[in-house]
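Where a number appears in this text, it was derived from the coordinates with a stated rule and is not lab data. The model shown is predicted, which means the values in this text are computed figures rather than measured ones. Note: ideal-geometry Cβ built from the backbone for every residue, glycine included; neighbour counts use all protein chains shown.
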């Protein structure tokens, strides 16, 4: 392993830790937020959600059940093959609230950056896209 790979891994781990800490008091879990972001783009089956999130369908079913109980999603019919899950108005409000709070927290962290540092950060974003894929569409949490 080369030094750049090792140094990048260390930074990404640190970023992940900071993001998890910042998200600790949000009204949704990371998994719920990710699923709600996906559903913001349109209704999906539980199987499609599970595949998109890289989890097993039973795991996604449990997640959807909790979000349905919270009023953030609804189903097109009984919980079985063929039904779809869609985000509700309450779910959309949660998506917007969480996105705003996450952006606010990140803005606080970035506030001390100089213009040159901000430019350097902007320049690295396409590199992240090349390594990890483009940002979620619609914009994720």
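Take each peptide in 116-127, 22-33, 84-95, 99-110, count the other Cβ atoms within 10 Å of every residue, and average; sorted highest first, the result is 84-95, 22-33, 99-110, 116-127. Could you give the angle, 0 to 90 degrees to the nearest 10, between helix 89-110's Cα long axis and the longest principal axis of the Cα atoms of the chain? Computed tilt is about 10 degrees. Distance distribution P(r), the chain, all Cα-Cα pairs, bin width 10 angstrom from 0: 10, 34, 32, 17, 6, 0 percent.
Computed across the range 73-118, the Kirkwood radius stands at 13.5 Å (inverse of mean 1/r, all Cα pairs).
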